[in-house]
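One structure is given below, encoded as structure tokens.
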Amino acid sequence: MVSLYFRTVILVFLNSCSAFVPSLKQFRLQSHIFSTQEAKEALISLFEPSLDDILVCPISLEPISRKISFLGSPKESFECSSFGTKYVSNGVYLDLTSNQKSTKPFWERSLQEIVQTDTFRNPWVAFLYERGWRQGFKNAGFPGVDDEFDSLKAFFSASEGSKSILTGNVLDLSCGSGLMARRISKLGTTSRFIAADFSEVMLLETYRRFTGDPLLKIPELIRADVAQLPFKTESFDGIHAGAAMHCWPRLEQSLREVCRVLRPNGKFFATTFKKGAYGVPRQVNDKGGASFRFFEVDELNNLLTSSGFSSVDIEVVGAGCLIARCEK
Ligand SMILES: C[S@@+](CC[C@H](N)C(=O)[O-])C[C@H]1O[C@@H](n2cnc3c(N)ncnc32)[C@H](O)[C@@H]1O
């Protein structure tokens, strides 16, 4: 009788906590499959920090440790398992940018960071992104997101002796408002799916659009700088970066990071702009030029090859869209 009472109390406690803390959802179990011993173990395990398989501290590359505390209400906390650097989740996304970068004041940021990255941290841009902004890329030859998704699926599909990339760990990098992430999520095939972006408002917009469709499973949303990725080396089977490389201020370093977090034979599918896509060729230089960085085919090929990809194929679509299909 006492044991039954004890078990019921633990179950009620776990179930009520799981409503607030996402990672506790695994403990929403039916009481009939839960013995008292299992219930006790589940309760104790809640207080023990667990190390994430993929998420790491962007500074030390040591695993992120997740801890649950019950002071007042249940709260999840995240820190570097070796150095204790703290990271914060706001309930929508986990911010895994290095603290120093995310607090760097406007006047200390390079012109490239301001133009290429900060443009997308503006709430108006996040609002307008799928209300015309992204559709406008068609003028430069972009096929449109549905066609881009078909190309991604074809490239990620099973090849001889290996499973489809889309059944493994997949990262949508610089996910923007989540337009490709929603399509990947709808497939429901990935074992772990992460959507990451540097822009806080883009991540909020991704979340808002996901919650608008009750059939969609929301991916893990991570705030990350592509030049300092908070992911374990060789942790992803496939990475997508749509219309993004021209927005990465530290491009060479970012491409090395993409290659680092991809497993051997993993695949990277990316779209970006060809120089002259909108008529007048523009170029930024290391001191901070005027605009986004558009590419010549050979230039992009060299950049990707020298970042560590063993096979690189660049397709030119229309006047100014480049599709890169790379294998590590
Ligand atoms: C043109 S949008 C592309 C969005 C989406 N992937 C698509 O296919 O339309 C470029 C994205 O790159 C992101 N971005 C810019 N700088 C970044 C950085 N340093 N790290 C990660 N993402 C970055 C922006 O926040 C923005 O969401």
Checklist entry - Using the per-residue mean of other Cβ atoms lying within 10 Å as a proxy for protection, in what order, highest first, do the peptides 84-94, 250-260 fall? => result 250-260, 84-94
Checklist outcome for this item: Ordering 234-245, 131-142 by per-residue average of other C-beta atoms within 10 angstrom, highest first, gives 234-245, 131-142
Checklist outcome for this item: Ordered by fewest other Cβ atoms within 10 Å, a rough proxy for footprinting exposure, Phe127, Phe149 read Phe127, Phe149
Checklist outcome for this item: Full extension between Lys217 and Thr119 adds, at 0.36 nm per residue less the Cα distance, a length in nm of 32.5 nm
Checklist outcome for this item: In debye to the nearest 20, the charge dipole size for the stretch 216-265, taken about the Cα centre with +1 at each Lys and Arg Cβ and -1 at each Asp and Glu Cβ, equals 60 debye
Checklist outcome for this item: Note on the stretch 106-327, DSSP bridge orientation, antiparallel percent to nearest 5 equals 45 percent
Checklist entry - What is the stretch 49-89 by shape, rounded, prolate or oblate, if you read a ≥ b ≥ c off the alpha carbon gyration tensor as root eigenvalues and call it rounded for a/c under 1.5, prolate for a/b larger than b/c, and oblate otherwise? => result prolate
Item to check | Rough spin-label spacing in nm, given labels placed 7 Å along Cα→Cβ, for Ser159 and Leu71 | outcome: 5.2 nm
Checklist entry - What residues from the stretch 294-328 fall in the zone where the backbone N is under 16 Å from a label point 7 Å along the Cα-to-C-beta line of Arg192? => result none
Item to check | Dipole moment magnitude, nearest 20 debye, the stretch 49-89 about Cα centre, only Lys, Arg, Asp, Glu C-beta charged | outcome: 180 debye
Item to check | trypsin sites (Lys or Arg not before Pro) within the stretch 147-182, DSSP loop, no more than 16 other Cβ atoms inside 10 Å | outcome: Lys163
Checklist outcome for this item: Ordered by fewest other Cβ atoms within 10 Å, a rough proxy for footprinting exposure, Cys326, Cys321 read Cys321, Cys326
Checklist outcome for this item: By the Cα gyration tensor axes a ≥ b ≥ c (a/c under 1.5 gives rounded; else a/b larger than b/c gives prolate, otherwise oblate), the shape of the stretch 188-328 is prolate
Checklist entry - Roughly speaking, what is the centre-to-centre gap between the stretch 176-198 and the stretch 117-152 when only Cα atoms are used, to the nearest Å? => result 15 Å
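Read the figures in this text as sums done on the coordinates, not as results from a lab. Computed from a predicted model, the values in this text were never measured in an experiment. Every residue, glycine among them, receives a Cβ derived from its backbone with ideal geometry; neighbour counts consider all protein chains shown.
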